[in-house]
């Protein structure tokens, strides 16, 4: 068989993998025993070369990530490499097929759902890095609204974090008054409260630095995108609706 025939055969196999792994338990057991998920990820990536908008392939890759999640959690270096590779694969698929809904949905799932299983620091580093990456990518793909929608998911995550912190801060304020009334344990409370919010504050400060360092002075046109501005005030976080100019070159 020549390369073209091999590619067609691989394509036919992968197109129905989603149904195969939902219905055929034996196929799953074979994969689980072999633990050759890295080879399967490489194999399915080849199919995306020919079918960059194949939903079954992305579903299959999600299944692999979910099933072998524990292996990734116990090996930080492996997790780092796999996540970086998956982000590269989705961006490449989006290059090949404009407004690739399935690729951007898979990328969103990876960052905002799968990575919640990892440390908070690892998650925020990836979000900040991806904001930079997609800003550069949009300069070459000005009309790809799927990417803009994806970025909005990232900003929505920040907004949900803000709302969660507001609720926690409100409860803490009530507890603070109670503690003041009893005049007992205030120092311990403030110490634990500061530690609890340190990661979230660092996240918002990092995003603030990213927004302020975005260089758009040399661009002739800009997109106006709804975002958030945040400031850390003691143990609380304040976020206001503002607009961020994202440099885009026509």
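Using a Förster radius of 30 Å, what is the FRET efficiency between residue 88 and residue 170 based on their Cβ-Cβ separation? Nearest 0.05, please. With R0 = 30 Å, the Cβ-Cβ based efficiency is 0.10.
Within the stretch 47-79, what residues put their amide N at less than 13 Å from the label point 7 Å along the Cα-to-Cβ vector of residue 113? Only 58-67 pass the distance filter.
Ordered by the count of other Cβ atoms within 10 Å of each Cβ, fewest first, 146, 119 give 119, 146.
Values quoted throughout were computed directly from the atomic coordinates according to the rules given, and no laboratory measurement underlies them. Since this is a predicted model, take the numbers as computed values, not measurements. Glycine gets a Cβ as well: all are built from the backbone with ideal geometry, and neighbour counts include every protein chain shown.
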